[in-house]
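Before anything else, here's the structure in question.
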Amino acid sequence: MNIQAMMKQAQKLQKDMMEEKNKIDSEIFEGKSSIVTVKVKGTKEILEINIDSESIESDEMEMVQDMIIVAINDAMKQIDKETDKRMGKYTQGMPGLF
């Protein structure tokens, strides 16, 4: 394989990787934790936090705050998992590139 063909292949791979990353970035992931639901873009930007207020007593606010953290972390893990799944074909087991 000559250098020119290798460069062309590398450019196509880079383009494919960026397209896949853009798809992930535009998706919305939903993290859940009993009474809390969080929507997060693939860029890890939090879009929405919903709390089932009917399930909350006034003295349970600390628990609600913990549930928000759990739901956000759940959504972030989904994004990382999806990114690893889709981008793994490009990175071939080299974690942390995205």
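Values quoted throughout were computed directly from the atomic coordinates according to the rules given, and no laboratory measurement underlies them. Keep in mind that this is a model prediction, so the values were computed, not measured. Here the Cβ positions follow ideal geometry from the backbone for every residue, glycine too, while neighbour counts run over all protein chains shown.
Excluding residues fewer than 8 places away in the same chain, name every one of the lysines whose C-alpha is closer than 16 Å to that of Lys41.
Once the sequence-local lysines are set aside, what remains near Lys41 is Lys21, Lys23, Lys32, Lys77, Lys81.
Please say if the chain is rounded, prolate or oblate, where rounded means a/c under 1.5 for a ≥ b ≥ c the square roots of the C-alpha gyration tensor eigenvalues, and otherwise the choice is prolate for a/b larger than b/c and oblate otherwise? Before the final figure, lay out each step's value.
Values: a/c = 5.60, a/b = 3.66, b/c = 1.53.
It is prolate, given that a/c is not under 1.5 and a/b is the larger ratio.
Next question, about the same structure. Can you compute 3J(HN,Hα) from phi for each residue in the range 49-64, using the Karplus curve 6.51 cos²θ - 1.76 cosθ + 1.60 with θ = phi - 60°, rounded to whole Hz and x for Gly and Pro?
Each residue's phi maps through the Karplus curve to give 10, 10, 10, 6, 5, 5, 8, 10, 8, 4, 8, 9, 4, 4, 5, 4 Hz.
Compute the relative contact order of the chain as a whole-number percentage, counting only Cα pairs closer than 8 Å that sit 6 or more residues apart in sequence.
Details: 108 pairs, mean separation 26.3, N = 98.
Relative contact order, the chain: 27 percent.
Something else about it: How large is ³J(HN,Hα) for each residue in the range 78-89, as worked out from phi by the Karplus curve 6.51 cos²θ - 1.76 cosθ + 1.60 (θ = phi - 60°), to whole Hz, x for Gly and Pro?
4, 5, 4, 5, 5, 5, 4, 4, 7, 8, x, 5
Please list 10-18, 80-88, 65-73 highest first by mean number of surrounding beta-carbon atoms within 10 Å per residue. List each step's numbers first, then the result.
Details: 10-18: 11.4, 80-88: 14.4, 65-73: 16.3.
In descending order of packing, they fall as 65-73, 80-88, 10-18.
Could you work out the helix-only [θ] at 222 nm for the chain, with each DSSP H run of four or more residues adding -39,500 (n - 2.57) and the total divided by the number of residues, to the nearest 500 deg cm²/dmol? Provide the component values of the computation, followed by the final result.
On the way: 2 runs with 55 residues, N = 98.
Computed mean residue ellipticity for the chain: -20000 deg cm²/dmol.
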